[in-house]
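Quick notes on the structure that follows.
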C-alpha cells in the first residue's frame, strides 16, 4: 500500500467526476445523468470539500496526476485502494504537458460554457436580442458609410437590398429564428451580411476600376471619389476621397429597416391568426 491519499466518493459523485474529466459542462453532465444543474452543482461542492480543492481547475489538476484518475484516486465509500508495491515515479516533462493540456481543456470548456449561457440568456430575452441585432447592423452600416467609404452606386443599392431583406426576414420569421437559430450566429450575420457590400465595392475598385479610370458617386449628404493614379516614381496607386456632411443617409437607413421589420412582423402575426382561426 502506498501513501497516496484516498478520496472516498459516492457512486453518483464518481459519475460526476468521470464526466467532468471528459470535458463536459454542468449542463451536459446533468443531461447525461438525468439530473438538474442545481443537483450537479451540489455534488460538485461536496466533491470539492472531500478532495480539499477550491475550484474545477484544482480538481482536474489533482486528478490528472494519476494515469487513471477516476479509478486510482477516487473510490466509492467503503472501498480500499491498493496499488500494490509499485512506487509512483515522477513524470517530469510529461506531467507538465498533461497539466498544460488539462488547463487548456478547462479554458476551452469555460469558454464553451460561457457561450452556451450567453446564448440561453439571449434566447430567453427576444427584445434584448432584437435590440442587439438592430444596433449591430446599424453600427456596421455607419462604419461603412462614414469611415470605410463606399464608392460605386451599385454598392449602395446592394447594401439597401441586404438590409431590407434582413429586416423583412426577421419580421416574418422572428419567432422561429429566435427559438431555433443560434443567437450568436444571428449577431454575426448582422455584421457579415452588410459587409458583403463593402467587399463588392473593394473588388470593383481593385479590378474593373483599375482599368477604367475614375468614379464619383454622390448620395444624400455623402460624396465619394476614387481613381487610379500614377506616382512620380511610376507605380499605380488608388486615390480615394469621401465627404459626409451629416448622418442623414444613415438615419434614413435605420428608420427604413425598423419600419420594414415592424410592418412585416405585424403582418405575419395577423396572417398566423387568420390561419388558426375557425372558419
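Any read-out appearing in this document is the output of simple, stated calculations on the displayed coordinates, not a laboratory observation. None of these values were measured; they are calculated from a predicted model. Note: ideal-geometry Cβ built from the backbone for every residue, glycine included; neighbour counts use all protein chains shown.
Using 0.36 nm times the number of residues separating residue 120 and residue 241, minus their current alpha carbon distance, what extension gain do you get? Walk me through the intermediate numbers first.
Details: separation 121, 0.36 × 121 = 43.56 nm, distance 4.47 nm.
So the chain would gain 39.1 nm between residue 120 and residue 241.
Please find the FRET efficiency linking residue 176 to residue 200, where r is the Cβ-Cβ separation and R0 is fixed at 45 Å, and quote it to the nearest 0.05.
0.95
Ratio of alpha-carbon Rg to the 2.2 N^0.38 Å globular estimate for region 201-264, to two decimals, please.
1.57
In Å and whole numbers, how far do the C-alpha atoms of region 126-279 stretch along each principal axis, longest first?
Taking max minus min along each principal axis of the Cα atoms, region 126-279 gives 77, 29, 28 Å.
Hey, with R₀ at 25 Å, roughly what FRET efficiency would residue 96 and residue 50 work out to, going by the Cβ-Cβ distance, to 0.05?
That pair, residue 96 with residue 50, gives E of 0.40.
Please give the contour-minus-distance gain from residue 259 to residue 107: 0.36 nm per residue of separation, less the Cα-Cα distance, rounded to one decimal in nm.
Fully extending the segment from residue 259 to residue 107 adds 50.4 nm.
Going by Cα centres, region 108-130 and region 142-214 are how many Å apart?
Computed from Cα coordinates, the inter-centre distance equals 25 Å.
Would you work out the Kirkwood radius for region 13-60? I mean one over the mean of 1/r across all pairs of different Cα atoms, in Å. Could the numbers behind the result be given before it?
Numbers: mean 1/r = 0.0949 Å⁻¹.
So the Kirkwood estimate lands at 10.5 Å.
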